[in-house]
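Quick notes on the structure that follows.
A short reminder: the numbers here are calculations on the coordinates, not readings from a lab. Please read all numbers here as calculations on a predicted model, not as lab measurements. Every residue, glycine among them, receives a Cβ derived from its backbone with ideal geometry; neighbour counts consider all protein chains shown.
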Amino acid sequence: MSVAIKLRGCGKTWPGGTVALHPLDLDIAAGETLVLLGPSGCGKTTLLRLIAGLELPDAGGQVLFDGEDVTRLPIERRNVGMVFQSYALFPNMDVAGNIGYGLRVRGIPRAEVARRVDEMLEMTRLTEFARRRVDALSGGQRQRVALARAIAPRPRVLLLDEPLSALDARLREELRQEIDALLRSLGITAIYVTHDQAEAMALSDRICAMERGRIAQIGTGRDLYHRPANDFVAGFVGDTNRLGEELVRPEQLALHPSAEGEWTVQRATFLGPFVRVKLRDAAGRELMVDMPDLATPAPGARVEVRRRGPA
Ligand SMILES: Nc1ncnc2c1ncn2[C@@H]1O[C@H](COP(=O)(O)OP(=O)(O)O)[C@@H](O)[C@H]1O
Ligand SMILES: [Mg+2]
C-alpha cells in the first residue's frame, strides 16, 4: 500500500524571487521514514508541500509516486495524510468527529466510518476521549487526534511537519516514541520534518540534511554523525571539534592530567551521563572533551588530550 516517491529537478522560487529550493532530486523508498532536518528557513516545509501537492515546483520539476507523475495532481487526489505543528483540528467537532472527517468527505458509509474511527481511537489511545471537544484536550492529545485523523483514510504517504514542536520536552519524547511505533506498525512511507537532531536520529530510517534550499547530505543517523559531508552537517548533528582538517567528536577524545599538558581546563560541566570539559591552548584554540563522571578536572588544570582507542 505504501508508495515510493521520486523528486526530479524540483526547485521552488516564490513570487518576489526567494529561492526556497534549488532544483533537487530525492528518492524515498516505499515504507521508509525519511526525516528532513535543517534549521528554520532551509526549505523543509516547502519540500514537504511539493510532495503533498500543496505547491507546484518550478517549471521542469517532477514528483513521482510509484513512477506515476503526480506533479499536477492536487492534494486531495494524492492520497496523502498530513500532520502540522499547529494541530489544525476542527474546533467545532469532537475527537471522533475530527478523526472521521476525512472518511466522511470521501463518502465512506457510516458504519465503516464508525468502525475505522474506533480502530484509530484505540491505536492512538484516545478511546476514552471520543466525545470530548478538541479544545478541551492537552497539546499531546490534540496531536494524537491530528495523527489519527491523518491515518484514518489509509493514506499511501504520511507527511509530518514539526508535529512535536509545540509540546514540552517530556511530552515530545513520549509522543515521539508513539509516532515511531505507529510508523513502524503501519509500514507507511513517511516524511517527517524537524529541526531537532535528536528527533531525527530517533525516528528516521534515513535523514536528509538540508542547508539553504539544498540537500547537504542523505544517509542514516550514523552516516551523518560519523561521516558528515561537510562542516554544516557536522555542526548541526551533534557537537564537533575541528583538529586541522579532521572533525573529532568530544566523546572520541580523552584527557590526562599533565603539568606539561598543552591544554588548560576552562570549564567542566556535569551533564548527567558525562562531563563536558572545555579546554583552551596557548594559541586560543578551543576543544570539547566528554568524559565519564569519575574525576572532574578543576578549571586551570593542565591536561594532555589523546584520541580514545576504538571501543
Ligand atoms: N508562501 C511563501 N511565500 C514566500 N516565501 C515563502 C513562502 N513560504 C516560505 N517562504 C520562504 O521560503 C524559504 C523556505 O521556507 P520554509 O520551506 O518554510 O523553510 P523551513 O520549513 O525549513 O523553515 C524561507 O526563506 C521562507 O521565508
Ligand atoms: Mg517549516
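Structural remarks
- Each Lys and Arg adds +1 at its Cβ and each Asp and Glu adds -1 at its Cβ; summed about the Cα centre, the stretch 1-140 shows a dipole of about 360 debye.
- A quarter of the convex hull surface defined by the alpha-carbon atoms of the chain gives 20.2 nm² as the mean projection.
- Nonlocal amide H pairs with Glu304, under 5 Å, H built at 1.01 Å: His256, Ser258
- Per-residue Karplus couplings for the stretch 260-266, computed as 6.51 cos²θ - 1.76 cosθ + 1.60 with θ equal to phi - 60°, are listed in order as 8, x, 7, 10, 10, 6, 8 Hz, Gly and Pro entered as x.
- Amide hydrogen proximity for Tyr192: with H placed 1.01 Å from N in the peptide plane, the residues at 5 or more positions away or on another chain lying under 5 Å are Leu34, Val35, Leu36, Leu160.
- Residues whose amide H lies under 5 Å from that of Val3, counting only those 5 or more places away or on a different chain, are Gly31, Thr189; hydrogens are built 1.01 Å from N in the peptide plane.
- Our estimate of slack between Ala229 and Ala198, defined as 0.36 nm per intervening residue step minus the Cα-Cα distance, is 9.3 nm.
- Couplings 3J(HN,Hα) of the stretch 69-77, computed from phi: 6, 10, 3, 9, 7, x, 3, 5, 10 Hz, in residue order, whole Hz [Karplus 6.51 cos²θ - 1.76 cosθ + 1.60, θ = phi - 60°; x for Gly and Pro].
- Top positive-direction residue, dipole computed over the chain with Cβ charges, set Gly81, Thr194, Pro297: Gly81
- Fraction of the pair-distance distribution of the stretch 206-258 above 18 Å, Cα-Cα pairs, percent: 35 percent
- The alpha carbon convex hull volume per residue for the stretch 167-278 rounds to 148 Å³.
- DSSP bridge analysis restricted to the chain gives an antiparallel fraction near 70%, rounded to the nearest 5.
- Ranked packing of 140-150, 35-45, 72-82, most packed first, by mean Cβ within 10 Å: 140-150, 35-45, 72-82
- Rounded to the nearest 20, the size of the Cβ-charge dipole of the stretch 121-226 about its Cα centre is 380 debye, with Lys and Arg at +1 and Asp and Glu at -1.
- Separation of the Thr71 and Ala283 label points, Cα + 7 Å toward Cβ, nm: 5.2 nm
- Basic side chains Lys and Arg get +1 at the Cβ, acidic Asp and Glu get -1 at the Cβ, and with that the dipole of the chain about its Cα centre reaches some 700 debye.
- Cα-based Rg of the stretch 244-307 normalised by 2.2 N^0.38 Å, two decimals: 1.03
- Cβ-derived FRET efficiency at R0 45 Å, Thr264 paired with Asp27, nearest 0.05: 0.40
- J(HN,Hα) series, the stretch 199-204, from Karplus relation 6.51 cos²θ - 1.76 cosθ + 1.60, nearest Hz, glycine and proline x: 4, 4, 4, 6, 9, 8
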